[in-house]
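Remarks on the structure that follows.
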Amino acid sequence: MQFFSASRTSILIAALCLCAHGQETSAKTEPLNEAKGVPARPSPGDYQAQAKAGTVTIAADFDEHAVPTEDGTFSTDDYVVVEAAFFGPPDARLKISTGDFSLRINDRKTPLPYQAFEFVGRTLKDPNWVPPDEDKDKDKSKGGLSTGGNGQAAGSPPPAPPKMPVKLQLAMEQHVHKATFLEGDRALPQAGLLFFEYRGKPKNVHSVELIYDGPAGKATLTLQP
């Protein structure tokens, strides 16, 4: 009897270990961060521009170099951002692909193709982040004489710009990645961010057109620069 009791105990322990291992493996393979898009606004009229593509309505805002997310607004000097949304009749579905979008700026003959987030993430900035050294410099400047701001010898090269800690940089990238369009066959409405490479200043942008050519049809939205 003791032998059978010990055997049952060993089997139970092994089963529990396998279950725990399976849960651990599942947790490791489950993506920690993926595109989810942003909540679609109540109606297409809540965006700057709207256009029909078959039975689907596309709406969009031009955000220039700002990158709006639910966790804050970041920025990028190398890309411009469009927040777009698909609306349709009840129970409508659409195969969404960010590659179906392009952007024409200042009536250029060739529109800008969509750029994947992986390229954009490296250029992101948080306007609200203040380097710790700047806070220290402010404290030192109180009650003392100015030494020119950085105490460097004349003629020496300027110091490298401070870098955001890796942990904060990754968190910012994750927030933006989640705001990108969720691709594939999706129930409407769906909304998300689109990225296009453009390093020009916003004041030099005179016209913007978002172009869609996909399963729903074709449409061009005139956005407000």
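The values are calculated or read from the model by the stated rules, or taken from the named source; none is laboratory data. The shown structure was predicted, so the numbers you read here are calculated from the model rather than taken from an experiment. With ideal geometry, Cβ positions are generated from the backbone for all residues, glycine too; neighbour counts draw on all protein chains shown.
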(message) I'd like the full set of residues that are surrounded by 13 or more Cβ atoms within 10 Å (Cβ to Cβ) and either among the small types (Gly, Ala, Ser) or in contact (Cβ under 8 Å) with a residue 40 or more places away in the chain (or both), limited to the range 40-51.
(response) 40, 41, 43, 44, 48, 49, 50, 51
(message) Six or more apart or on different chains, Cβ atoms under 6 Å: show the pairs whose first residue is in the range 174-199 and within 21 Å of residue 124 (Cβ to Cβ) and whose second is in a helix (DSSP H, G or I).
(response) 177/117; 180/117; 181/98; 193/179; 195/120
(message) Tell me the residue from 181, 196, 117 that is of a type in the set (A, V, I, L, M, F, W, C) and at pLDDT 95 or above, please.
(response) 196
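Mind listing whichever residues of the range 163-212 are among the hydroxyl-bearing types (Ser, Thr, Tyr) and out of contact with any helix residue (DSSP H, G or I) (no Cβ under 8 Å at 6 or more places or on another chain)?
Within the range 163-212, the first condition is being among the hydroxyl-bearing types (Ser, Thr, Tyr), and the residues that meet it are 180, 198, 207, 212.
Listed by number, the residues that qualify are 198, 207.
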(request) Given the conditions (1) within 20 Å of residue 63 (Cα to Cα); (2) under 16 Å from the mean Cα position of the chain (by Cα), report the number of the one that residue 207 does not fulfil. (result) (2)
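Conditions (1) among the acidic types (Asp, Glu); (2) more than 26 Å from residue 54 (Cα to Cα); (3) assigned to a strand (DSSP E or B); (4) touching a residue at least 24 places away in the same chain (Cβ under 8 Å), marked per residue:
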position	(1), (2), (3), (4)
67	no, yes, yes, yes
75	no, yes, yes, yes
80	no, yes, yes, yes
91	yes, no, no, yes
95	no, no, yes, yes
107	yes, no, no, yes
118	yes, yes, no, no
121	no, yes, no, yes
